[in-house]
Amino acid sequence: MRSLQWIVQAFLGASFALAVVGCGGSGGSGTATSKPKIRVINASPDSNPVEVQFTTVDLEAGLAYLDTSSVFHEKKADTYDVAVFDSVTSDSLWSETTTVANDKKYLVVTYGLENYGTETIKRLRTAEFVVDLTSPVGNKAKLIVFHAFNRGVGFDTPAIDFQNPGDNPQYALANITFGGQQSITVDSGNSLTFDVRRNGTQQVYASTTPNLDAGGVYLALVSGVEGAVSPQDPRVTFFKLN
């Protein structure tokens with residue numbers, strides 16, 4: 001009888017050990033970690049196609065103005081040297097460091113001017129930021145508005161407002177700085193017009209009436225140069241991200 005009890009206790013102990021191993025053993029929830037994912041967009045209106053590297057490894061090459069990588073590239077969580085080169089001349093245009101973390105998605109946007117003259121504040125550079133691609137509920141779309149618009153030679157680039165026309169807009173974002181971004185959830189469909197205004201004024205730089213999918217998450221890229229002709233004219237370009 002005692003031998004039977006010993007066998008039962010041994011079996012229960014082995015079952016418990018297997019259960020602990022099956023649950024991860026380390027105290028984790030069992031949820032798989034996702035590596036950082038990165039998408040590149042070129043918003044520099046006067047640039048040749050650019051090459052964007054993460055610590056000497058090409059993330060994108062030959063990316064023309066308003067072109068974007070078609071997918072989010074997967075990298076390991078780490079700190080990287082971000083470098084931008086002119087794909088035609090191989091000239092170095094910008095470099096900086098950035099850190100990317102697991103379970104996050106990032107946009108890397110090149111903005112500013114390749115030919116900035118003496119106005120170094122307008123020179124081509126990059127912005128790296130996390131994006132939340134969770135779809136809004138119902139007949140809504142999410143806009144991530146990025147300011148890459150440049151004023152003409154000799155004029156400082158101000159912050160911008162992104163809003164419906166008029167002085168009492170239904171939707172509005174205010175004081176978006178150059179190289180900065182803000183997000184807003186709006187009605188889907190094609191019934192909304194948005195103006196890009198000089199911050200705090202009625203001066204309109206560009207207008208757009210997009211057709212937005214319900215549940216869509218978009219980058220609304222404000223780019224171009226004040227007074228320029230196509231393709232460098234002031235405009236808003238929408239990139240669906242999800």
Selected residue (criterion: most open to solvent (accessible area, probe 1.4 Å)) from residues of segment 218-234 that are among the hydrophobic types (A, V, I, L, M, F, W, C) and closer than 27 Å to residue 131 by Cα
225
Pick from segment 93-140 the residues that are among the small types (Gly, Ala, Ser) and part of a strand (DSSP E or B): which of them is surrounded by the most Cβ atoms within 10 Å (Cβ to Cβ)?
127
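Yes/no matrix, rows are residues, columns are (1) closer than 15 Å to residue 95 by Cβ; (2) of a type in the set (Phe, Trp, Tyr); (3) open to solvent by 10 Å² or more (accessible area, probe 1.4 Å):
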| residue | (1), (2), (3) |
| --- | --- |
| 34 | no, no, yes |
| 38 | no, no, no |
| 52 | yes, no, no |
| 57 | yes, no, yes |
| 65 | no, yes, yes |
| 69 | no, no, no |
| 72 | no, yes, yes |
| 75 | no, no, yes |
Close pairs (8 angstrom Cβ cut-off, 6 or more residues apart or separate chains): of a type in the set (A, V, I, L, M, F, W, C) in segment 226-238, in a loop (DSSP other than H, G, I, E, B) and modelled with pLDDT under 95 anywhere
228/152
Criterion violated by residue 191 - all others in (1) surrounded by 14 or more Cβ atoms within 10 Å (Cβ to Cβ); (2) under 24 Å from residue 135 (Cα atoms); (3) of a type in the set (Gly, Ala, Ser) satisfied:
(1)
Does residue 178 satisfy being among the hydrophobic types (A, V, I, L, M, F, W, C) and in contact with a helix residue (DSSP H, G or I) (Cβ under 9 Å, 6 or more places away or on another chain)?
yes
Given the criteria at pLDDT 95 or above and either open to solvent by 60 Å² or more (accessible area, probe 1.4 Å) or touching a Pro at 6+ places or on another chain (Cβ under 8 Å) (or both), does residue 20 qualify?
no
Those residues of segment 141-158 which are hydrophobic (A, V, I, L, M, F, W, C) and surrounded by 15 or more Cβ atoms within 10 Å (Cβ to Cβ) amount to 141, 143, 144, 145, 146, 148, 149
Residue 116: hydroxyl-bearing (Ser, Thr, Tyr) and touching a residue at least 24 places away in the same chain (Cβ under 8 Å), yes or no?
no
In segment 167-182, how many are loosely packed, with under 15 Cβ neighbours inside 10 Å and polar (S, T, N, Q)?
4
I'm checking my understanding of the structure. Among residues of segment 77-92 that are in contact (Cβ under 8 Å) with a residue 12 or more places away in the chain and assigned to a loop (DSSP other than H, G, I, E, B), which one is surrounded by the most Cβ atoms within 10 Å (Cβ to Cβ)?
87
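The values are calculated or read from the model by the stated rules, or taken from the named source; none is laboratory data. Every value quoted in this text rests on a predicted model; they were computed, and no experiment measured them. In this analysis, Cβ positions are derived from the backbone assuming ideal geometry, glycine residues included, and neighbour counts consider all displayed protein chains. Accessible surface is based on the protein model in full, side chains and every heavy atom, while ligands, DNA and RNA are left aside. Shrake-Rupley method; radii C 1.70, N 1.55, O 1.52, S 1.80 Å.
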